[in-house]
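Inspection log for the structure reproduced underneath, given as structure tokens.
The values are calculated or read from the model by the stated rules, or taken from the named source; none is laboratory data. Keep in mind it's a predicted model, so treat the numbers as computed, not measured. Every residue, glycine among them, receives a Cβ derived from its backbone with ideal geometry; neighbour counts consider all protein chains shown. Just the protein is used for accessible areas: all its heavy atoms, side chains included, with ligands, DNA and RNA removed. Shrake-Rupley method; radii C 1.70, N 1.55, O 1.52, S 1.80 Å.
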Amino acid sequence: MNLIVSAIGQGFLWGLLGLGLFLSFRIMNTTDMTVEGTFPLGAAVSVSLIVQGTNPFLATLAAFVAGALAGLVTALLITKGKIPSLLAGILTMTGIYSIDLMVMGKSNVSLLGKKTIYSLAFLQKLPQYFDSVVAGTILMVLVTCDLIWFLSTDFGQAFIATGDNPQMAKSQGISPQQMTVAGLMISNGLVGLCGAVVAQSNGYADVNMGMGTIVIALASIIISEVVFRNLGLASRLFAVSLGSIIYRLLLLAVLQVGLSSNNLNLISSLVLAACMMLPQVEEKFRLKQTFMKGFRHD
């Protein structure tokens, strides 16, 4: 039972990562590899500040700002440097690795004995692992509601229009470059925020903790689209967090079978590949059923 509760809590926390990538990957139609660097950057900034005595909530906010600045760098490489989005993200991600080392002073920093956002009195009174469930739920609801409000504003609608059709948006007086900058800053800000809350939950920050994060984020998005179909934008944003929870439970189920945790990245890739192929498999299955019914009718 504790493992299931822990997986649900981690699913809520990592859901912020899925929401961040959803903005760039689904709404902006941009392949942004920056997230693999932004996640550990948020962790490094928040943990380093907490170790130095900063209020954990201010440290978490600083992680969001750090992530947004990383997104700004990628956006400027795309809009001003005319570098393809995939390559721009890789360049930023590579550079962030050195920044993480400079921020932390070493490759790994522990939060042992330090107060975090999970040190609040009411969270401490909860049963084991329930602190991440409650904190994750609160964060997920707050962030998702803020995103829904943002996307319902005129600026948010312009942001969506740019992702749908940049040329049409430009003809309506919308600046695609401005939208790209804003979108990548918000997207990576959320990823940095996720890195901060996950690091505080785990009790440490590590320069390599961003490895494979884009697969985790994509899994949350794809699983939510496979399981929860035909949803509006607001419902889809909430579904991304549920997709993150389902993904964590799937990993837990696989690990319970007896596979080594060393194969976690391989398992993640296989789960994501299976989810991405499922719609095509279902479509072929429906076509086959339709063909067989017509054949039997004849």
Residue 234 being in contact (Cβ under 8 Å) with a residue 24 or more places away in the chain, within 22 Å of residue 117 (Cβ to Cβ) and of a type outside the set (Phe, Trp, Tyr): no
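Given the residues 35, 47, which is the only one that is buried (at least 24 other Cβ atoms within 10 Å of the Cβ) and within 10 Å of residue 188 (Cα to Cα)?
Numbers: 47 fails: within 10 Å of residue 188 (Cα to Cα).
Residue meeting the stated conditions: 35.
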Single match in 208, 188 (criterion: out of contact with any Cys (no Cβ under 7 Å at 6 or more places or on another chain), outside any helix (DSSP H, G or I) and touching a residue at least 40 places away in the same chain (Cβ under 8 Å)): 208
Counted residues, region 103-118 - those being in contact with a helix residue (DSSP H, G or I) (Cβ under 9 Å, 6 or more places away or on another chain), open to solvent by 20 Å² or more (accessible area, probe 1.4 Å) and part of a strand (DSSP E or B): 1
Selection within region 119-161 - open to solvent by less than 40 Å² (accessible area, probe 1.4 Å) and among the polar types (S, T, N, Q): 132, 144, 153
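Could you please find all residues in region 54-87 being open to solvent by 80 Å² or more (accessible area, probe 1.4 Å) and outside any helix (DSSP H, G or I)? Give the derivation first.
Within region 54-87, the subset open to solvent by 80 Å² or more (accessible area, probe 1.4 Å) is 57-58, 61, 69, 80, 82, 84, 86-87.
Selection gives 80, 82, 84.
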